[in-house]
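The structure appears right after this line, and notes come after that.
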Amino acid sequence: MDRTFIICKPDAVERGLVGEILARFERRSLRITSAELRTIDRATAEQHYGEHVAKPFFEGLVEFITRGPSMLAVIEGPEDTWQVVRTMMGATNPRNAAPGTIRADLGIEFTENLIHGSDSTEAADREIALFFPEMS
Ligand code: IDP
Ligand code: MG
């Protein structure tokens, strides 16, 4: 099986949308093989979003992702799971996301866009190691 990593971000937890989001993956026949509700600490957030350190939205992004609990999960599928999950998430800016995607159906804000999903097999391995070190 092939796995990827997602974060239902603090806005999803605050708005009570974690069940809705995870249910979409389950209905697609993807499996949730690990999950944990956890408030991400600043050091982990800065490492996770390291590629964006120079961007103007970086500080706001770190503030947001650490402000309360997130639901971290490992999702398993037959192959290309990260791609399937990213397609179901929709475009980064929910205003551009296609109807039927999580970001389009459930939100409208750019930073508070409900969900993170790894953007490659390598990113999935790296992020699972960062958030679930006992699994790698
Ligand atoms: P992704 O989450 O679709 O992979 P990235 O470009 O990796 O998108 O950005 C990481 C996160 O940073 C986004 O999900 C969103 O929360 C936030 N973000 C990205 N670009 C912007 C922006 O231009 N303004 C505000 N927030 C942004
Ligand atoms: Mg990204």
field: Size of electric dipole in the chain: Cβ of Lys, Arg +1 and of Asp, Glu -1, about Cα centre, debye, nearest 20
entry: 340 debye
query: Between segment 100-136 and segment 13-30, what is the C-alpha centre distance in whole Å?
result: 13 Å
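Which of the peptides 18-29, 2-13 is most tightly packed, and how do the rest follow, going by the mean number of other Cβ atoms within 10 Å of each residue? Kindly include the intermediate steps, with their values, before the conclusion.
On the way: 18-29: 15.0, 2-13: 22.8.
Ranked by mean Cβ neighbours within 10 Å, highest first: 2-13, 18-29.
Would you kindly work out the equivalent ellipsoid of segment 12-136 from its C-alpha gyration tensor and give its semi-axes, the square roots of five times the eigenvalues, largest first in whole Å? Please list the in-between numbers first.
Working: eigenvalues 83, 71, 41 Å².
With the √(5λ) rule applied to segment 12-136, the semi-axes are 20, 19, 14 Å.
Values quoted throughout were computed directly from the atomic coordinates according to the rules given, and no laboratory measurement underlies them. All values derive from a computational prediction rather than experimental measurement. Note that each Cβ is placed from the backbone with ideal geometry, even for glycine, and that neighbours are counted across all protein chains shown.
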